[in-house]
Structures are given as structure tokens and as C-alpha cells.
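Take a look at the structure below.
The values are calculated or read from the model by the stated rules, or taken from the named source; none is laboratory data. Every value quoted in this text rests on a predicted model; they were computed, and no experiment measured them. All Cβ positions, even for glycine, are placed from backbone atoms using ideal geometry, and neighbour counts span all protein chains on display. SASA here: full protein model, heavy atoms, side chains in, ligands and nucleic acids out. Shrake-Rupley method; radii C 1.70, N 1.55, O 1.52, S 1.80 Å.
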Amino acid sequence: MALEKDTLKQLCTMLNRFVHERLIPNERVVSDTDTIPSDILAEIKDLGLFALSIPEEYGGLGLTMEEEIEVAMLIGEAAPAFRSIFGTNVGIGSQAIVLDGTDEQKSKYLPRLASGELIGSFCLTEPEAGSDAGSLRTSARRNGEHFILNGTKRFITNAPFAGLFTVMARTDAGSTDARGVSAFLVEAGTPGVRVGKPEKKMGQQGAPVADVVFENCRVHAENIIGHRENMGFKTAMKVLDKGRLHISAVCAGLARRILRDTVRYAKDRRQFGESIASFQLIQAMIADSETEIYAAECMIRDAAKARDRGEDTKRKASCTKLFASEMVGRVADRAVQIYGGAGYIADYGIEQLYRDARLFRIYEGTSQIQQLIIAKDVIAATD
Ligand SMILES: Cc1cc2nc3c(=O)[nH]c(=O)nc-3n(C[C@H](O)[C@H](O)[C@H](O)COP(=O)(O)OP(=O)(O)OC[C@H]3O[C@@H](n4cnc5c(N)ncnc54)[C@H](O)[C@@H]3O)c2cc1C
């Protein structure tokens, strides 16, 4: 059910203020300490940001996709680490339960994911299975009413704080592809689950990733999402289809912010006796960025509406993720160029955003994987 127009407007006004008064001024603290300050985390919870995509009956805001992307575009204007802390609960850490969980699984976990009391992480990638996720090796061997999980998951966002892992593991030992995979709900603290040391990353400091290792970890069969064995890869792909729209909106928000900062800088900075914004070669870069941001926003809103109408948006989600994530990379690159030397120096802030933006072309499916999905679908649909 959609929110009342006025309620969404009020939420967006509040978030806009929060982004500009609280998040953007604290970006440096987050990148320097690699942590989101606890007072900001508390405010994020109070604003209901953990709850965006969780149905109202489970304590969430139950936003439609069209509403969620508007919120994601706003939040996207702040350094992406702020979104990442609640992003897994809104996306990959909760949606497997929302989309395919049993009523009991929903009641048990969704209210705590919506409040932010519980952080959810999504464990698909492995050291030997990245883009080819269907070849994953983490095994889940049946043992009576339980499964015994063994394997390593790699680059798992929010793993160091997570209370709940959605783990894709191979239940059909005879299979080597996506068909023999099930999705398990595994609570942190279950014997046999270990989280590795957070990785040092190029950007997005404050949004930790780590290995999650399973060593003879005993999980009850009731923890398979939807109690449906060997359906876990399908669930994971459904989760990513939705997540790609959300990530695209974050890219568009970040690109808007970068362009705004850049134009302000260009109007201020003077060379040859004039503001550099008056130079047509600078204007061309501004115009290219504005055009591409607008195109991404149109794509994202169109795809979100189609999803809310119940259409299959797999192709549109991939087109949108491909375009928006590549677009924010180009916008950030032009921004560094327009800032000149200052674009390369940490104090001016733009180099951090340039590094932060780089991740979007890689996770939730690389650009090449989006190209493959799009091309396969177009070819199959063409007579
Ligand atoms: C900061 C961060 C956070 C992450 N968070 C999570 C998370 O929470 N949960 C999770 O499960 N995973 C997560 N990931 C993992 C991420 O989804 C993978 O890194 C990504 O899917 C790519 O896999 P890979 O790194 O193994 O690269 P590879 O699959 O080894 O790809 C390497 C290169 O080869 C290209 N390539 C691969 N196959 C093809 C092909 N068939 N045709 C053309 N080119 C191809 C790729 O596009 C890429 O350019 C995260 C990664 C990072 C860096």
C-alpha cells in the first residue's frame, strides 16, 4: 500500500534536512574513524530508515518501490557509508524473508530488522564464486532435522555487526549449478559461525565488509527460507532484482550531490580573471553530467513504477543498475576534473566521493554481468 502523498512528502522533507544538517557535515568523521557515530546511528533508527521496505504488519514503513527510490535518491546525496548501515536491512538482508519467507520467519525476524535492533547480512559471494555465484561451494549436508554448513563467504557487507545472515549454501551435493542451492537463516552466535577481520577498502569507510566462515555449523531445516529446499538461488536473484533499483537510486542521488558541489565550486573558482563556470569546456562537462543524471532518474522512476504494477522488471533493473552506476562514475570523474588539483586533495572532499562511487559498478552484479543479463533477455525476447 502506498503512503499518503503528504506523508511521503513530510518524510522526504525530514530526510532532506537530516542529510544536509547531520550526514554531510559528519562525512569526514566517518571516513577518518571508519565508523558511523553512535548518535547518528540512533537518529537513523528513529527516522525509520531501517524499516523502509519491510511491510507495515511487521513494523516497517512498507514503502512501494516508487516511494523507496525517492528516499534512496535523497539519502544517496550523503556519503554512501551512511546508507550502507541500514541498506542491508532494507535490501539484501531482509528481502529474502519478505519475498519468500514463511509467516513464522517473517514474524520472528522482520520486526527486529525494521527497528534496526537486528542487522541482516546477505552471504552469497565466495572466494571462488563471485560473478558466477551459482557455482558456490558452501555445503549444507543434511543430518536428520538439521543441515551442517561448511564454507567461506567473502566481502559480506555489515558482517561484523550482523545478527542474522541469509546464507546461500549447496543442499544438493550432486549439483554444481544454481539449482542445488538453498537459502538459510543463520543467527550470529550459532556455534560454527565466525566473522573475519574487516577488510581495508578503497572507499565507503564506515561500511565494513568481512568474511563469514562456517565450520560444521548446525542449522535446523526450519531455517531454510520458505522451507523450500533448492530454491535459494531463485530467492537470491529476486532479492538482487529489487536491490538493483535501490542501488541505482543511490547512484543518482550521489551524482546529483556531486554535480551540485562541483557547480558551486566552479562558480566560485576564478582563473584568467573569470569564474571557471563561464568557460564553455567546463559547461560541457556540467551539461553532460546533468543530462546523464536526468536520464538515470527517468529510468529508475520508470522501472520502479513497472515493478509496483507487478511487471517482471529483471531487464529494466539491470539496465538501470548498469547505466546509473556507470553514470555516477563518469559524473565523479568530471567533478575531479572541474575541481582541478583540489579534486585530487582529500580536504576538498570530492576525491572521497570519487572513490566511494567506484563500488557501485562492482557489487550487486558487475556492469559486465548486467550487460549479460540484458543481452540474454533481449535476444530471448526477439523473434
Ligand atoms: C565492498 C563490497 C561489498 C560487498 N558486499 C557483498 C555482500 O554483502 N554480499 C555478497 O554476497 N557479496 C558482496 N560483495 C561481493 C560482490 O557482489 C562481488 O565482488 C561481485 O559480484 C563480483 O565478484 P568478484 O569480486 O568475485 O569478481 P569476478 O566474478 O572474479 O569478476 C572479475 C571481473 O571479471 C568480469 N566477469 C566475470 N564473469 C564474466 C563474464 N561471464 N563475462 C564478462 N566478464 C565477466 C567481472 O565483471 C569483473 O570485471 C561485495 C563486494 C564488495 C567489494
Any hit, region 327-339, residues being within 15 Å of the chain's Cα centre (by Cα), assigned to a helix (DSSP H, G or I) and within 16 Å of the ligand (Cβ to nearest atom): yes
Residues of region 187-212 satisfying the condition of being of a type in the set (Val, Ile, Thr) and within 14 Å of the ligand (Cβ to nearest atom): 195, 209, 212
Evaluation of residue 97 against (1) open to solvent by less than 10 Å² (accessible area, probe 1.4 Å); (2) modelled with pLDDT of 95 or more; (3) under 28 Å from residue 10 (Cβ atoms) (one fails), failing number: (3)
Some residue of region 150-165 being under 19 Å from residue 223 (Cβ atoms) and of a type in the set (Val, Ile, Thr): yes
Residues of region 342-370 classified as within 16 Å of the ligand (Cβ to nearest atom), within 17 Å of residue 79 (Cα to Cα) and assigned to a helix (DSSP H, G or I), total: 10
Members of region 161-185 that are in contact (Cβ under 8 Å) with a residue 12 or more places away in the chain, open to solvent by 60 Å² or more (accessible area, probe 1.4 Å) and not acidic (Asp, Glu): 161, 173, 176, 179
Members of region 101-136 found to be in a loop (DSSP other than H, G, I, E, B) and more than 13 Å from the ligand (Cβ to nearest atom), listed by number: 101, 102, 116, 117, 118
Search result, residues across region 303-315 that are surrounded by 15 or more Cβ atoms within 10 Å (Cβ to Cβ) and without any contact (Cβ under 8 Å) to a residue 40 or more places away in the chain: 306
Qualifying residue in region 141-153 (condition: within 16 Å of the ligand (Cβ to nearest atom) and open to solvent by 40 Å² or more (accessible area, probe 1.4 Å)): yes
From the options 17, 22, 28, residue that is out of contact with any strand residue (DSSP E or B) (no Cβ under 8 Å at 6 or more places or on another chain), surrounded by 15 or more Cβ atoms within 10 Å (Cβ to Cβ), part of a helix (DSSP H, G or I) and not aliphatic (A, V, I, L, M): 22
